[in-house]
Amino acid sequence: MKRSHLIKPILDHNYPTVSHGSGIYLYDMDGNQYIDGSSGAVTASIGHGVLEVVDAMTEQASKVSFAYRSHFTSEAAETLAQKLSELAPGDLNWTFFVNSGSEATETAMKIAIQHWQEKGYERKNRIVSRWTSYHGITMGALSMSGHVLRRKRFVPLLEDFPGISAPYCYRCPYNSEPSSCRLQCANELETAIQRIGSENIAAFIAEPIIGASAGAVTPPDGYYQRIKEICERYDILFIADEVMTGIGRTGKMFAMEHWGVTPDIIALGKGMSAGYTPMAATLVSDRVMEPILKGSKSIMAGHTYSANPLSAAVSLEVLNYIERKNLVQEAEEKGQYLLQQLHGLAERFDIIGDVRGKGLLLGLEFVSNRISKKSFRLQNGITTRIVNKAFEKGLLIYPASGAIEGIEGDAVIISPPLVISNEEIDRLVKMLEASIEELQHELHA
Ligand code: PLP
């Protein structure tokens, strides 16, 4: 066999070669069909092969693909930034474009620090985050992330940012039931601020619904309202990392709208260009930008490809497509239908401990015992086994585990493109059911 020169996620794994995609389906070169049940890495939200996007891409490329942002602005980038300011809640009226979710959170961190510096607070530069979280792979983003597996090798080089417990209700850090919940995990933020000193903290960052590290972990009502109150009381900016949840995925344009909370900064990626081009953004409020506008008038961040016209035109068409096809509403409705089906699977299979999420960002957590909620993870690599079984049947799902060793479970994310139909959901669920059935049978054998 010809050797490969490409560094892939697992070097000795034999990945099929993708050929093309259409709607919720991907095809490999051998003609096998796959349901993209996770939209890749929760990215391909409008589905594959959308010709309107291809047309927008071609049209922009035929005019100009790249013009350096220190030399020119472009109509595509200006229009996209205006569109985002119209879609975003509150006074999030500024956008800085980057190329990946990691860059978006890293830029959010830098803008938060710069905001305070411009106001004369030189030491206000720590970022508080949560232990069960993932904010990206670059060193700044990883410093804010609690994803143990991804941090492991680099811990000595990472910033020692303070972490608090996540609102992981299924494994409540305070052993509360929803009925007796006093939002102690949110109050931990206040304790952390009092310990470290608000004069040393620039911002708190959180994923509205926790994705890669735990699988669609959704906070209790009131959680984000409490977080926001604490941030305001102590003069700390609130960064919502909506890289996975943003642009309709959860049945709202921004997931934070579920709780009526407006962050100071929002990081976006993934669904923003639905995988048609690398594109991500940091949205910033007027209030946060004000001292920067009065001060150095420049954000100390950015990349060669930031705001390139080609990616901007593609992303703009993706947003317009989402609006034209009413896909935010679709995510809400199809999400309800899929959630109902996943609850049905949980009734059949006792290795499913929890079903959760919002819209079309749903998660299943597997347990070896429903009462003790003991996870399989360290012994059996259940997440990998279930993902592989589904793959063999032609269903792509997303493994989500790796937060705090020994505490978190084995979870997968089910997040198909927002264009999925009810019939396609039925097909997806049948394949998932067959995969879980096989696994449960093996485990109980
Ligand atoms: N933030 C969140 C919430 C994510 O889920 C991810 C990726 O999974 C990132 C940031 C990093 O994005 P990227 O992989 O595009 O760098």
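Just so you know, all these numbers are worked out from the coordinates, no wet-lab data involved. From a predicted model like this one, the values you see are computed outputs, not experimental measurements. Here Cβ is always computed from backbone atoms with ideal geometry, including for glycine, and neighbour counts include all displayed protein chains.
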Hey, got the Cα dimensions of segment 53-324 along the principal axes, in Å, largest first? 58, 40, 38
Whats the longest run of the chain with zero chymotrypsin sites (Phe, Trp or Tyr not before Pro) that are DSSP loop and have at most 13 other Cβ atoms within 10 Å? 175-445
Just check segment 96-142 against the gyration tensor rule for me: Cα atoms, a ≥ b ≥ c as the square roots of the eigenvalues, rounded for a/c under 1.5, and otherwise prolate or oblate depending on whether a/b exceeds b/c. oblate
Least to most buried among Asp221, Asp30, Asp241 (fewest other Cβ within 10 Å first): Asp30, Asp221, Asp241
How compact is segment 308-445 by the rule of thumb for globular proteins, expressed as Cα Rg over 2.2 N^0.38 Å? 1.18
Leu395's amide H: which non-local residues (gap 5+, or another chain) put their own amide H closer than 5 Å, with H modeled 1.01 Å from N in plane and none for Pro or chain starts? Ile35
Given 0.36 nm per residue, what is the gain on full extension from Thr79 to Gln340 after removing their alpha carbon distance, in nm? 90.1 nm
Determine the shape class of segment 21-135: with a ≥ b ≥ c the square roots of the Cα gyration tensor eigenvalues, call it rounded for a/c under 1.5, and otherwise prolate if a/b is greater than b/c, oblate otherwise. oblate
Listing Met57, Met139, Met289, Met29 by rising number of other beta-carbon atoms within 10 angstrom, fewest first, gives Met29, Met139, Met57, Met289
Less than 11 Å Cβ to Cβ from Asn326, Lys/Arg counted +1 and Asp/Glu -1: what total charge do the surrounding residues give? -2
At a 10 Å Cβ-Cβ cut-off, how would you order His20, His135, His115, His258, fewest neighbours first? His20, His258, His115, His135
Connecting C-alpha atoms closer than 10 Å in a GNM of the chain, tell me which of Ile322, Ile371, Ile209 has the biggest fluctuation. Ile371
Grab the beta carbon distance between Met29 and Ser65, set R0 = 25 Å, and tell me the FRET efficiency rounded to 0.05. 0.35
Largest fluctuation, Ala434, Ala313, Ala166 only, Gaussian network model of the chain with Cα springs under 10 angstrom, belongs to Ala434
Do any trypsin sites (Lys or Arg not before Pro) in segment 1-80 lie in a DSSP loop with no more than 15 other beta carbon atoms within 10 Å, and if so, which? Lys2, Arg3
Within segment 62-130, which GluC sites (Glu not before Pro) sit in a loop by DSSP and count at most 15 neighbouring Cβ atoms inside 10 Å? Glu122
Just how far, in whole angstrom, is segment 188-250 from segment 273-315 if you go by their alpha carbon centroids? 22
What distance in nm separates the two pseudo spin-label positions at Met139 and Ser19, each 7 Å out from Cα along the beta-carbon direction? 4.5
For segment 53-324, with only Lys/Arg (+1) and Asp/Glu (-1) charged at the beta-carbon, what is the dipole magnitude about the Cα centre, in debye rounded to 20? 700
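Stretch Ser179-Ile7 to full length: gain in nm at 0.36 nm per residue minus the Cα-Cα span?
The Ser179-Ile7 span can extend by a further 57.0 nm.
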Among trypsin sites (Lys or Arg not before Pro) in segment 91-190, those in a DSSP loop whose Cβ has at most 11 other Cβ atoms within 10 Å are Arg182
Could you check which residue among Gly40, Gly31, Gly163 shows the biggest mean-square fluctuation in a GNM of the chain with a 10 Å Cα cutoff? Gly31
Net length gained if the chain between Phe391 and Gln329 were fully extended (0.36 nm per residue, minus Cα distance): 19.4 nm
Could you check the spin-label model distance between Leu157 and Arg233? Points 7 Å from the Cα along Cα→Cβ, value in nm. 3.9
